[in-house]
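Pasting a structure here, questions to come.
The values are calculated or read from the model by the stated rules, or taken from the named source; none is laboratory data. Note that the coordinates shown come from a computational prediction; the quantities given were computed from them, not determined experimentally. Note that we place each Cβ from the backbone using ideal geometry, even for glycine, and neighbour counts take in every protein chain shown. Only protein heavy atoms, including side chains, enter the accessible area calculation; ligands, DNA and RNA are left aside. Shrake-Rupley method; radii C 1.70, N 1.55, O 1.52, S 1.80 Å.
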Amino acid sequence: LPLLGFMILTFYRSKLNERAAAIIGVGTISLAAVITALIGYDFLYVSGIPREGEGYTQHLWTWIAVGDFTPQIAFYLDGLSLTMLGIITGVGALIHLFAAGYMHGDAGFARFFAYMNLFVFAMLVLVLADNMLLLYMGWEGVGLASYLLIGFWYQDPANGAAARKAFIVTRVGDTLMAIGLFILFNQLHTLNIQDAMVA
C-alpha cells in the first residue's frame, strides 16, 4: 500500500488537489496500519505464536540465480518483525496525519507525501526482508527517501547542503554494509538471515 501510494502520488501529482493527495498519502499508511493490526491479531490469537526462532515466510520469486547464489524476494514475519511492522505503520500513520495539517498550502504537498510513502515502504522492506540482500535494498530505499525529505525545500541552499551531507554519510555506511555482506557470504555461504543466525 505505501508503494502504491508513492506511485500514484508520483505519476499523478500534477492532477491531484491537496485533499486527494492527503487522502492517498495518509490513507495508504492508515490502511497498512489496520492490516498490520489484523495480522497481529491473527498472529497472536488465531494462528498461534510460533516458537522462538520460527516465523512465516512468503516467497514471491527468485531474484538472482547464479550457481548456489539464489537470493529470493521473500518476506519473513516473526514476533520481532511484527512489532517493527506495528511501529512503522502505526507511528507512520500518525506522522502522516500530522503532516497533512502541517504541510497545508505547500506547493509540494503531493511530492512530500510521495516521499513519505516511499520512506515507509522502504522501512517495511527493511524489517520484513528474508535475506540480507533484500534488507540492503530496503536500507538503500530508506537512504534515498531520507535524502529526498531532508532536501525537500531544495530552493534553500542550506537544505540542499544538508541533503548532500546526509547522502554522503549514508553512502559510507552503504559501502561498509556491502563489504560486510560479501564477508558474511564468503564465511557462511548464505545471505538468508535465518540460516545465517544458526550457521
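Give me the pairs: first residue in segment 151-174 and free of Cβ contacts under 8 Å to residues at least 60 places away in the same chain, second residue open to solvent by 90 Å² or more (accessible area, probe 1.4 Å) and among the aromatic types (Phe, Trp, Tyr), beta-carbon distance under 8 Å, and six or more apart or on different chains, which are they?
Note: pairs meeting the criteria are Asn159/Trp153; Gly160/Tyr154; Ala163/Tyr154; Asp174/Trp139.
Moving on to the next point. In segment 11-25, which residue that is more than 16 Å from the chain's Cα centre (by Cα) and within 23 Å of Val91 (Cβ to Cβ) is surrounded by the most Cβ atoms within 10 Å (Cβ to Cβ)?
Taking segment 11-25 first, the residues more than 16 Å from the chain's Cα centre (by Cα) are 11-24.
From what's left, within 23 Å of Val91 (Cβ to Cβ): 21-24.
Numbers: Ala21: 24, Ala22: 21, Ile23: 16, Ile24: 22.
Only one residue fits best here, namely Ala21.
Rundown of residues vs (1) assigned to a helix (DSSP H, G or I); (2) in contact with an Asp or Glu (Cβ under 6 Å, 6 or more places away or on another chain); (3) within 22 Å of Ala33 (Cα to Cα), yes/no style:
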site	(1), (2), (3)
Leu97	yes, no, yes
Ala110	yes, no, yes
Ala122	yes, no, yes
Leu135	yes, no, yes
Trp139	yes, no, yes
Gly143	yes, no, no
Trp153	no, no, no
Gly160	yes, no, no
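State which residue pairs qualify: first residue under 14 Å from Leu134 (Cβ atoms) and inside segment 178-192, second residue open to solvent by 50 Å² or more (accessible area, probe 1.4 Å) in any location, beta carbons under 6 Å apart, and separation of 6 or more residues or different chains.
Leu191/Phe185
Further, regarding this structure: Can you find even one residue in segment 136-145 that is touching a residue at least 60 places away in the same chain (Cβ under 8 Å) and surrounded by 20 or more Cβ atoms within 10 Å (Cβ to Cβ)?
Here is the first cut: in segment 136-145, the ones touching a residue at least 60 places away in the same chain (Cβ under 8 Å) are none.
Among the residues of segment 136-145, not one is touching a residue at least 60 places away in the same chain (Cβ under 8 Å) and surrounded by 20 or more Cβ atoms within 10 Å (Cβ to Cβ), which makes the answer no.
Quick one: in segment 79-124, of everything that is among the β-branched types (Val, Ile, Thr) and buried (at least 22 other Cβ atoms within 10 Å of the Cβ), which residue is nearest to the chain's Cα centre (by Cα)?
From segment 79-124, those among the β-branched types (Val, Ile, Thr) are 83, 87-89, 91, 95, 120; that's our starting set.
After this cut, where a residue has to be buried (at least 22 other Cβ atoms within 10 Å of the Cβ) as well, the list is 88-89, 120.
On the way: Ile88: 9, Thr89: 10, Val120: 5 Å.
If we take residues in segment 79-124 being among the β-branched types (Val, Ile, Thr) and buried (at least 22 other Cβ atoms within 10 Å of the Cβ), then Val120 is nearest to the chain's Cα centre (by Cα).
Given the condition over 18 Å from Trp63 (Cβ atoms), surrounded by 12 or more Cβ atoms within 10 Å (Cβ to Cβ) and of a type in the set (A, V, I, L, M, F, W, C), answer yes or no: does some residue in segment 171-182 qualify?
No, segment 171-182 contains no residue that is over 18 Å from Trp63 (Cβ atoms), surrounded by 12 or more Cβ atoms within 10 Å (Cβ to Cβ) and of a type in the set (A, V, I, L, M, F, W, C).
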